[in-house]
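First the structure, in the form of structure tokens, and then the observations on it.
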Number of protein chains: 2
Amino acid sequence: MARTTISDVAEAAGVSVSTVSRALRGLDKVNPDTRKKVERAAERLNFSFSKSASSLARGKTMKVAVLLPNEISGWFNAHAFEGIYEVLSKQGYDVIPNVMWEQRDLDRFFKALPNNQNVDAVIVVSFDLDDDKKRILSELTVPVIGVNTPTDDGLDASARIDDFAAMRSAVRLLHSLGHRNLAYIEQPVVSPFLCSAEIRLNGFREAAREVGCRDEDVLIVPSVARAGGPGEQEEYSGIAAQLLSAPVRPTGICVEHDACAAALIKELRRLGWDIPGEVSVIGFDDSYIANITGLTTIHQNPVETGRQAAARALSLMRGECPSEPYAIMPTSMVLRDTTGPAVESEA
Amino acid sequence: MARTTISDVAEAAGVSVSTVSRALRGLDKVNPDTRKKVERAAERLNFSFSKSASSLARGKTMKVAVLLPNEISGWFNAHAFEGIYEVLSKQGYDVIPNVMWEQRDLDRFFKALPNNQNVDAVIVVSFDLDDDKKRILSELTVPVIGVNTPTDDGLDASARIDDFAAMRSAVRLLHSLGHRNLAYIEQPVVSPFLCSAEIRLNGFREAAREVGCRDEDVLIVPSVARAGGPGEQEEYSGIAAQLLSAPVRPTGICVEHDACAAALIKELRRLGWDIPGEVSVIGFDDSYIANITGLTTIHQNPVETGRQAAARALSLMRGECPSEPYAIMPTSMVLRDTTGPAVESEA
DNA sequence: ATGAAAGCGCTAACAC
DNA sequence: GTGTTAGCGCTTTCAT
């Protein structure tokens, strides 16, 4: 059978199509009785609006695009998306993930964006945008909202944590526990645009200096793309080796992500290190893995960050300007079983 | 500035709109030179099609809905979605998650479905549909594809694992290790429609019988909704208590999900149990948590399951009928550090 | 190979 | 309050 249209409903209810439209969308200036009649008819015919048709007519798509780096199933992305979805879907929006695998995907998306009336807003998650793209954004008609973006440049609104400050608190914790030789481990296999990495590293570096570490007391283990994903244990023997072979062995270690930290700890323990006896490790995120493995870490709530971003998207789409467009979301240290006081150096 | 439309391109290229339409969509019967001209103009004007307009004109939405229970960030859902997204987005489809929080959400979705030309297909993930809904499905024009649904009833295609067989293999492993007193732990806080639970339990029950367990040798710890999520450690002290107070203490334990198993093991160890010395534990899923905690478990690949489902959705949307509409995806045991031989009973 | 024109189903003036 | 009507931007016969 052919689709039931608004005029079928109109006919069944004995009114005009515009009345049906008004009645069903809850607009005012429609007689309560008429409305009831229309609703009844719509119900009976199992009518629902064609989104394409009303989009076309109204010039609003009721869709918002969510740009995600690499994958939607990662801990942060999935939870941020969840928060975004939660608030937007309740308002009738279709929330459409757009996973960017390579730089070209991003380029293409942004190329089409200026003229793209296919979404009412775009939310970019964890991206580091180059100046070209920021310029495009600034001339855009649809609002662009950031989630954990490195800066707010070119964005109409954003919600993000302060990676820099968070790392600083981790360093201070280690320092106050007596650790003087620190290390920072970058996550293996980074995506081309994932952006928190750099900021966290900088936060670590600067905080280390603040607490009085000389550069030679600080070891940075850079991200190296190797075979296998970050879940692969082999990744971490190389990192452990670098830790072992450092001129002065670090006793306090910050890791870019929980999953990474957990895998590293596993490897370190396998090699006979005592954690937290000999060395303390701090993760980042407070994902489920941190909880189950007893990892000391920095907590953040990506679902809430997503919600905040989506709420701002909503008001922007309504043409309002949010009173506080750029939200900084809180983080907090959670102490578990991988950090402890530094032992006396055996000097 | 107003949106660039197809007629702007037509004008710029000096041809008619229909030619532009044909040229840009790669249809044949268009002169190569003309096509080039049109492409150039489109490029220059930064043109892209309005999805709503072409949907409306063609009667195809280029959208597919993915129905998910509870949350999109859960391990299975997120990965299945990822697989679905991967294949569908490459073909130009918008993949729209639809999270069902309560039964009413599902009811409402299905009520609107029969007349809903707003999506070209719907993929249902992990749902147990009642007969009413199955009946609706059977009269539907758009294809409906299942991912890890309990049955294939009413579905045009599906991809799913055999939960029943998977549990059986777990039970057999325990039995062959000498375990005679078995337990099955349901996941705390189950959703109203998540459906694998029942099948896994049945698989466990039946397999236990097959290997010769009497009913009194088998302990089922049912799911009880308690405060806090499944990540909360407190959940598991209650479960541990049930295990401890059982008439005959089980030494082989199957758990509905990895996360659950990991938390239980943590609690058990805290209480002084030796795993795998005194008791063996097997999880389900082989999620990252199983890997990092060394959990023996049953592996499945939800991304691939999602891909298979999406591939079938694709051919169904093209009007083909897939030669093998109902795919059973493989599972496999992965042995890690939480299973071992049963110790001699101290009789 | 290309163009003209009739919709697709709905919304938003504008009239009554 | 309600009806009429002109589009929204595209696809698709049907001519040419």
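The values are calculated or read from the model by the stated rules, or taken from the named source; none is laboratory data. Please read all numbers here as calculations on a predicted model, not as lab measurements. Note: ideal-geometry Cβ built from the backbone for every residue, glycine included; neighbour counts use all protein chains shown.
The table that follows gives values for the structure above.
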{"item": "Whichever residue in region B:84-134 is among the basic types (Lys, Arg) and within 14 Å of chain A (Cβ to nearest Cβ) and, among such residues, is surrounded by the most Cβ atoms within 10 Å (Cβ to Cβ)", "result": "B:LYS111"}
{"item": "Cβ-Cβ under 6 Å pairs, at least 6 apart or on other chains, region B:27-53 side more than 16 Å from B:ALA13 (Cβ to Cβ) and within 8 Å of another protein chain (Cβ to nearest Cβ), far side within 13 Å of DNA strand D (Cβ to nearest atom) and part of a helix (DSSP H, G or I)", "result": "B:SER52/A:SER52; B:SER52/A:SER55; B:SER52/A:LEU56; B:ALA53/A:LEU56"}
{"item": "Filter result (more than 14 Å from chain B (Cβ to nearest Cβ) and more than 8 Å from DNA strand D (Cβ to nearest atom)) within region A:8-19", "result": "A:GLU11, A:ALA13"}
{"item": "Residue within region A:31-44 that is more than 10 Å from DNA strand D (Cβ to nearest atom), of a type in the set (A, V, I, L, M) and either crowded, with 18+ Cβ neighbours inside 10 Å or more than 30 Å from B:ALA80 (Cα to Cα) (or both) present", "result": "yes"}
{"item": "Test: residue in region A:78-96 that is touching an Asp or Glu at 6+ places or on another chain (Cβ under 6 Å), more than 16 Å from DNA strand C (Cβ to nearest atom) and closer than 16 Å to B:ASP94 by Cβ", "result": "yes"}
{"item": "Subset of region A:65-89 (residues that are assigned to a helix (DSSP H, G or I) and either of a type outside the set (A, V, I, L, M) or over 10 Å from the mean Cα position of the chain (by Cα) (or both))", "result": "A:TRP75, A:PHE76, A:ASN77, A:HIS79, A:PHE81, A:GLU82, A:GLY83, A:TYR85, A:GLU86, A:VAL87, A:LEU88, A:SER89"}
{"item": "Strands (runs of 3 or more DSSP E) lying entirely in region A:196-315 (those with 1 or more residues that are surrounded by 21 or more Cβ atoms within 10 Å (Cβ to Cβ) and of a type outside the set (A, V, I, L, M, F, W, C))", "result": "A:252-255, A:280-282, A:297-299"}
{"item": "Boolean, A:ALA53 is over 30 Å from B:ARG3 (Cα atoms) and either outside the structural domain of A:VAL119 (by TED's automatic domain parsing) or not β-branched (Val, Ile, Thr) (or both)", "result": "no"}
{"item": "Filter result for B:ARG40 (of a type outside the set (Gly, Ala, Ser) and within 16 Å of DNA strand C (Cβ to nearest atom))", "result": "yes"}
{"item": "Number of the condition not met by B:ASN46 [criteria: (1) more than 21 Å from the chain's Cα centre (by Cα); (2) within 16 Å of DNA strand C (Cβ to nearest atom)]", "result": "(2)"}
{"item": "Scope region B:65-77; condition touching an Asp or Glu at 6+ places or on another chain (Cβ under 9 Å), more than 19 Å from B:ALA310 (Cβ to Cβ) and either modelled with pLDDT of 95 or more or not acidic (Asp, Glu) (or both); matching residues", "result": "B:SER73"}
{"item": "Residue check, B:ARG108 charged (D, E, K, R) and either in contact (Cβ under 8 Å) with a residue 12 or more places away in the chain or part of a strand (DSSP E or B) (or both)", "result": "no"}
{"item": "Residue that is farthest from DNA strand D (Cβ to nearest atom), among those in region A:54-83 that are of a type in the set (D, E, K, R) and more than 9 Å from chain B (Cβ to nearest Cβ)", "result": "A:LYS60"}
{"item": "When residues of region A:1-26 are limited to those that are in contact (Cβ under 8 Å) with a residue 40 or more places away in the chain and in a loop (DSSP other than H, G, I, E, B), the one farthest from DNA strand C (Cβ to nearest atom)", "result": "A:THR4"}
{"item": "Any hit, region A:317-334, residues being of a type in the set (Gly, Ala, Ser), assigned to a helix (DSSP H, G or I) and surrounded by 16 or more Cβ atoms within 10 Å (Cβ to Cβ)", "result": "no"}
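So that you can scan it fast, the table gives a plain yes or no per residue for (1) in the same structural domain as B:ARG307 (by TED's automatic domain parsing); (2) under 21 Å from B:ASN70 (Cα atoms):
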position: B:VAL144; (1), (2): yes, yes
position: B:ASP153; (1), (2): yes, no
position: B:SER169; (1), (2): no, no
position: B:ARG172; (1), (2): no, no
